[in-house]
Amino acid sequence: MSHGIYRVTAFEISAPYALRVQFDDGTRQTINFEPVLAGELYQALRDLDLFNQVQVDPETHRAEERDSCSSQSPT
């Protein structure tokens, strides 16, 4: 089984802890992150104010906090 690597081109917050993500191949998927927001690394993202600051880094095409990225707003 082969899995391609796709870049995130856009997203929108669709529900608490969930993002509707669009990929560079044109597909879209809603991803609920709530089940994985636990432990030392991800627990802080249970704060919805923090979670909702997500944006796509235009260089790496990864979701990151707005403060650590450029000022470009998500599309």
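The values are calculated or read from the model by the stated rules, or taken from the named source; none is laboratory data. Computed from a predicted structure; not experimentally measured. Please note: Cβ atoms are built from the backbone with ideal geometry, for glycine as well, and neighbour counts cover all protein chains shown.
Is it true that some residue in segment 1-11 is modelled with pLDDT under 95, β-branched (Val, Ile, Thr), more than 13 Å from the chain's Cα centre (by Cα) and part of a loop (DSSP other than H, G, I, E, B)? Break it down into steps so the answer makes sense when it comes.
Within segment 1-11, the first condition is being modelled with pLDDT under 95, and the residues that meet it are 1-11.
Subsequent filtering for residues that are β-branched (Val, Ile, Thr) retains 5, 8-9.
Adding the requirement that they be more than 13 Å from the chain's Cα centre (by Cα) leaves 5.
Still in the list and also part of a loop (DSSP other than H, G, I, E, B): 5.
The answer is yes, given that some residue of segment 1-11 is modelled with pLDDT under 95, β-branched (Val, Ile, Thr), more than 13 Å from the chain's Cα centre (by Cα) and part of a loop (DSSP other than H, G, I, E, B).
For segment 14-43, how many residues are surrounded by 11 or more Cβ atoms within 10 Å (Cβ to Cβ) and either assigned to a helix (DSSP H, G or I) or touching a residue at least 40 places away in the same chain (Cβ under 8 Å) (or both)?
Residues that pass the stated criteria total 4.
Of all residues in segment 10-29, how many are of a type in the set (Ser, Thr, Tyr) and in contact with a Gly (Cβ under 9 Å, 6 or more places away or on another chain)?
Counting residues in segment 10-29 that are of a type in the set (Ser, Thr, Tyr) and in contact with a Gly (Cβ under 9 Å, 6 or more places away or on another chain) gives 0.
Just to be sure I understand, how many residues within segment 44-75 are over 10 Å from the mean Cα position of the chain (by Cα), at pLDDT below 90 and loosely packed, with under 13 Cβ neighbours inside 10 Å?
The total comes to 10.
Pull up segment 1-13, narrow it to residues that are in contact (Cβ under 8 Å) with a residue 60 or more places away in the chain and among the hydrophobic types (A, V, I, L, M, F, W, C), then point me to the one that is surrounded by the most Cβ atoms within 10 Å (Cβ to Cβ).
Checking each candidate, the answer is Phe11.
Quick one: count up the residues across segment 6-21 that are out of contact with any Leu (no Cβ under 9 Å at 6 or more places or on another chain) and among the aromatic types (Phe, Trp, Tyr).
The number of residues fulfilling the criteria is 1.
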